[in-house]
Amino acid sequence: MKTAFDKVSVFLVKVLTLFSLLLLSFIIIFIFKEGYTFFKEVPILKFITGTTWNPTGDPKKLSIFNIILGTLYVSIVAIVIALPIGIGCALLLSGYVKERPRLIIRGFIDIIAGIPSVIFGFIGLMVLVKFFEKAFGFASGESVLAGGILLAIMVLPYIISTCDETMDKLYRAYSPVAQAMGISKIYILRTIVLPQSLRGIAAAAVLAFGRAMGETMAVMMVIGNAPIMPKLLGKCQTIPSLIALEMGMAEVGSLHYHALFAAGFVLMAILLILNIALYYVKRSLDR
């Protein structure tokens with residue numbers, strides 16, 4: 001029989017869930033409404049395939065193809081760097097580190113994940129960008145690679161935590177029997193734990209990719225913020241940095257103002273596609 005406390009708890013959970021759904025719906029509807037005003041003036045296909053962003057020109061040219069590529073490029077570089085390192089760290093934690101040190105290390109990883117992005121951005125600007133300028137003789141060290149490395153450091157804790165949870169459960173389940181049969185730890189991790197962890201690894205990769213795509217402040221400080229075709233050692237711009245830099249300058253109600261909301265809507269659509277892809281990846285791995 002449910003107590004009064006149980007009934008109140010269930011009611012509060014339902015209310016908070018409903019509130020969260022309403023808040024999310026409001027955000028989506030608001031961004032779509034403001035962006036739709038722009039799409040009535042500029043076709044969405046032209047907006048996402050055009051290569052020129054010049055809101056001060058006459059006429060204004062507001063297209064974000066290069067910016068979409070920059071957003072994807074920086075995020076892909078970050079995942080390519082962070083995913084192998086994250087998987088290796090998770091395997092090491094689950095198979096070779098004892099429980100107490102493992103919990104301490106996980107605590108430090110969680111602390112790193114909670115560091116404000118502006119701190120990462122400042123360190124990236126003063127260390128990473130300066131290193132590229134001195135080591136490679138660049139006029140400016142701001143680049144896609146700098147943004148990718150910085151984002152890799154930022155998403156690494158999420159990848160390690162997600163993979164470690166999956167791998168630790170699998171290792172605990174299979175390790176006693178396998179070691180009783182004389183099978184080494186490395187063999188257990190390589191042939192049993194790692195293949196069985198693909199679902200968790202895929203989830204970690206997609207979630208980290210979405211986190212990387214949505215990052216604003218840190219990336220904005222190291223990529224140069226130039227809406228041009230991105231190159232690994234060249235400058236670029238991402239959708240979040242575009243919105244953060246120009247929203248304060250855009251006149252409310254202007255075409256420029258609504259174009260920024262339209263860019264935000266495109267970013268949300270890309271993230272939605274990523275989540276749908278994650279759902280189907282999980283289903284395929286469950287079969």
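The table for this structure:
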item	result
In the range 235-249, the residues that are assigned to a loop (DSSP other than H, G, I, E, B), under 21 Å from the mean Cα position of the chain (by Cα) and either surrounded by fewer than 14 Cβ atoms within 10 Å (Cβ to Cβ) or not charged (D, E, K, R) (or both)	Q237, T238
Test for A269: is it surrounded by 21 or more Cβ atoms within 10 Å (Cβ to Cβ), small (G, A, S), in a helix (DSSP H, G or I) and modelled with pLDDT of 90 or more	no
When residues of the range 29-56 are limited to those that are among the β-branched types (V, I, T) and exposed (fewer than 13 other Cβ atoms within 10 Å of the Cβ), the one modelled with the lowest pLDDT	T56
Close pairs from the range 73-94: first on the phi > 0 side of the Ramachandran plot, partner of a type outside the set (D, E), Cβ under 7 Å, at least 6 apart	none
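The values are calculated or read from the model by the stated rules, or taken from the named source; none is laboratory data. Note that the structure is predicted; figures quoted are calculated from it, not measured. Don't worry about glycine lacking a Cβ; one is built from the backbone with ideal geometry, like all the others, and counts go over all protein chains shown.
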